[in-house]
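See structure below.
What follows is calculated from the coordinates using simple rules that are stated; it is not laboratory data. In this text the structure is predicted, and so the values were computed from the model without any measurement. Here the Cβ positions follow ideal geometry from the backbone for every residue, glycine too, while neighbour counts run over all protein chains shown.
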Amino acid sequence: MHALFSRLRYAGVGAAVLLSGCNMEVLTPKGDIGVHEKSLILIALGLMAIVAIPVIAMTLWFPWRYRSGNKKATYAPNWSHSTRIELVVWSIPAIIIVILATITWTSSHALDPYKPLESEAKPVTVQVVSLDWKWLFVYPEYGVASVNELALPVDRPVNFQITSDSVMNAFFIPQLGSQIYAMAGMETKLHLIAREPGSYEGLSSNFSGEGFSDMHFKAIATSEDGFKDWIAKAKATQVTLDGESYKALAQPSQKVPVSYYGQVTPGLFASVVNKHMGDMSHDAASHGEMPMDMHHHEDGDAVSSNITPAKAEK
């Protein structure tokens with residue numbers, strides 16, 4: 001038995017060494033949604049530990065207690081039932097399940113990623129496009145965009161509109177809150193808010209191919225003045241994100257450095273969504289909703305050109 005505890009002690013030390021290299025960002029939240037999610041994680045772990053810890057303890061204790069060399073252990077070969085044991089092993093897990101179900105139901109509605117956050121501050125809209133293998137962030141209200149860098153003002157809600165121009169992906173800033181999927185031809189939504197200035201890790205949390213492991217970005221939470229300075233820095237680049245430059249950006253590439261666009265063609269995000277929706281993109285173009293004509297060659301591939309809506313062909 002001493003040898004067993006010695007092995008467990010060494011295993012615990014080894015696990016501690018390995019885990020020391022992990023960054024538990026989810027458990028160090030810097031935003032309202034992240035704080036609520038941390039609370040949910042800890043509550044769920046605590047409730048499950050009520051069952052898991054006694055089971056693990058008894059798994060170790062029973063072999064020791066009833067080993068062949070222990071003559072003090074009760075020998076009861078005809079024992080087959082205990083009402084008290086049955087009551088414990090069924091009632092406690094059932095109560096835990098009811099509690100978890102209640103928490104899950106209420107929190108799923110309270111933390112709905114599509115639900116706008118209540119705040120007196122004006123929200124910031126950011127349009128997110130998942131590409132191979134980088135992230136494009138468009139600020140339609142400011143007419144700027146960035147690659148692999150997201151700026152957001154502290155204490156102001158951020159309304160994310162998310163899509164993909166490639167395979168399905170997942171947008172995730174662990175310290176701020178929920179993960180949400182990015183899918184071609186669809187727009188998903190996410191609402192977050194940062195409460196502390198800082199630089200937070202953002203990532204793709206859904207395997208998307210060769211460059212997936214390097215598909216990271218920085219989410220920079222800053223003061224209102226800092227956010228205005230960031231917008232001014234982006235505008236100062238005087239680089240335009242239009243149909244041609246977007247087409248070049250959308251080409252598969254890895255470890256893409258941060259870059260900025262001082263001007264963005266209006267409706268770019270909508271055109272990215274629509275180009276994966278077949279004939280619906282042509283209907284939108286005929287109503288003047290897209291600045292770039294998204295049409296299809298005979299081989300079925302969607303391409304972008306600089307044809308204006310007025311000249312676009314159905």
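Descriptive notes on the structure:
- Distance between the 7 Å Cα→Cβ label points at residue 245 and residue 92: 6.3 nm.
- Mean separation of Cα contacts under 8 Å, 6 or more apart, over the residue count of region 57-157: relative contact order %: 16 percent
- Pairs from 235/255; 115/228; 38/235; 122/218; 122/255 whose Cα-Cα separation, in the structure shown, is over 32 Å: 38/235; 122/255
- Counting 0.36 nm for each residue step from residue 253 to residue 99 and taking away their Cα separation leaves a gain of 50.8 nm.
- Listed peptides 114-122, 246-254 by packing density, highest first (mean Cβ within 10 Å): 246-254, 114-122
- Using the Cβ-Cβ distance between residue 120 and residue 189 with R0 = 22 Å, the FRET efficiency computed as 1/(1 + (r/R0)^6) comes to roughly 0.55.
- If R0 is 35 Å, the Cβ-Cβ spacing of residue 159 and residue 56 corresponds to a FRET efficiency of close to 0.20.
- Label positions at residue 35 and residue 76, each projected 7 Å from the Cα along the C-beta direction, are separated by 5.1 nm.
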